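Only one structure is covered here, and it is reproduced in the block below.
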Amino acid sequence: MTQAGTARTGETERGTLDKAAGENFPVAPFFLPRAWRDDLMAVYGFARLVDDIGDGDLAPGGADARLLGVSPEEAEDRLVLLDAFEADLHRVFDSTPGHPLLRRLQPTVRRAGLTPEPFLGLIAANRQDQLIKRYETYDDLVAYCELSANPVGRLVLSVTGTSTPERIRRSDAVCTALQIVEHLQDVAEDLGRDRIYLPAEDMKRFHVQETDLATATAGASVRALVAYESERALHLLNEGTPLVGSVHGRLKLLLAGFVAGGRGGVRGRAAPPKHHLTRPPPPPPHPVGGAGGG
């Protein structure tokens, strides 16, 4: 690769990793051991890039598509990009990947003994986003969260060497809750992508139409629906909270921040009069740097 090509590759990698500063939760806070920070940033790079592919938010210019071996003619096809990304992920485990963010991930995979499954789950969630725009039941939504959110918590436990069956169960509850909170914060943004993550059966129960979600402020029925889904998220957070007490030291502080941020997000969705369907101003930052859910 030429020097100019190397520079462009580096810019592509940095452009994705720099998005960590804008996340609602700290990705790799300063108080964690350096090795954990490096590994968590590598995992973040993967998760951020696959979401950007699924949401159509890749940097302009087609650099990511070229790095994944996708032709310019197909560079806007998200399913083609996700297939290419999955193929490159498999190279992390058996050869050398082409995308720099996946090359960055390779040492983490080897150090922590990570398996392909959680990464494949995140890809599957983004593939599902291209094909399924509505969820009929709460159970359907939870099944989606098993792909879109729970793998992240499992990766954090694996990277930090603290994974056990009970911790995975608690982590799954927390991650699903955080995903639901994020959906409640992003109703308008998701609708702009023709996606609705409020279960259709619940919308019917509360007499909410899709057109009600497109308004700048929420009516009484929408507020009641959001409050109902917020209670479900809070129940999951309560179910997962013992995870925090099962670990020690700096990891305990990190996980406490995730749970506290989720609770803050639930409070922000507590349906005050005419509350907005976009993200509210974030609550005061938690000591670890988190502010809000998702």
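The values are calculated or read from the model by the stated rules, or taken from the named source; none is laboratory data. Note that the coordinates shown come from a computational prediction; the quantities given were computed from them, not determined experimentally. Here Cβ is always computed from backbone atoms with ideal geometry, including for glycine, and neighbour counts include all displayed protein chains. Accessible surface areas use protein heavy atoms only, side chains included; no ligands, DNA or RNA. Shrake-Rupley method; radii C 1.70, N 1.55, O 1.52, S 1.80 Å.
Quick look at the values:
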quantity	calculated
For L101, net neighbour charge (Lys/Arg +1, Asp/Glu -1) across residues whose Cβ lies under 13 Å away	-1
Sites E117 and R267 - FRET efficiency at Förster radius 51 Å, r taken between beta-carbons, to 0.05	0.90
Dipole moment magnitude, nearest 20 debye, region 111-263 about Cα centre, only Lys, Arg, Asp, Glu C-beta charged	660 debye
Contour minus Cα-Cα distance for R14 and D94 (0.36 nm per residue)	26.3 nm
Residues H207 and R34, FRET efficiency given R0 of 51 Å [Cβ-Cβ distance, rounded to 0.05]	0.45
From phi via Karplus (6.51, -1.76, 1.60), per-residue ³J(HN,Hα) for region 250-258 in Hz, x at Gly/Pro	5, 5, 4, 5, 4, 5, 4, x, 4
Test item: Cα-centred dipole of the chain, Lys/Arg +1 and Asp/Glu -1 on Cβ, debye	1260 debye
Residue-wise HN-Hα coupling along region 200-212, computed from phi with Karplus coefficients 6.51, -1.76, 1.60 (Hz; x: Gly, Pro)	4, 5, 6, 4, 5, 4, 9, 6, 9, 9, 4, 5, 5
Check: region 78-132 dipole with +1 on Lys, Arg Cβ and -1 on Asp, Glu Cβ, in debye	260 debye
Rough spin-label spacing in nm, given labels placed 7 Å along Cα→Cβ, for Y138 and A227	1.6 nm
Separation of the I168 and H248 label points, Cα + 7 Å toward Cβ, nm	2.4 nm
Among L243, A65, L82 - extreme Cα towards positive end, dipole of the chain, charges at beta-carbon	L243
P(r) tail fraction, the chain - alpha-carbon pairs more than 31 Å apart, %	29 percent
Fraction of accessible area attributable to carbon and sulfur, the chain (%, probe 1.4 Å)	55 percent
Along the chain, longest interval not containing exposed GluC sites (Glu not before Pro), exposed being DSSP loop plus at most 16 other Cβ atoms within 10 Å	137-294
Dipole of the chain, positive end: most advanced residue of T96, Y197, Q106 [Cβ charges, Cα centre]	Q106
Residue-averaged [θ]222 nm for the chain, counting only DSSP H segments that reach four residues, each worth -39500 (n - 2.57)	-20000 deg cm²/dmol
Calculated FRET value between A59 and D194, using beta carbons and R₀ = 30 Å, to 0.05	0.85
Normalised contact order of the chain, rounded percent, pairs of Cα under 8 Å and 6 or more residues apart	18 percent
Per-residue ³J(HN,Hα) for region 78-86, Karplus 6.51 cos²θ - 1.76 cosθ + 1.60, θ = phi - 60°, Hz, x for Gly and Pro	5, 5, 5, 4, 5, 4, 5, 5, 5
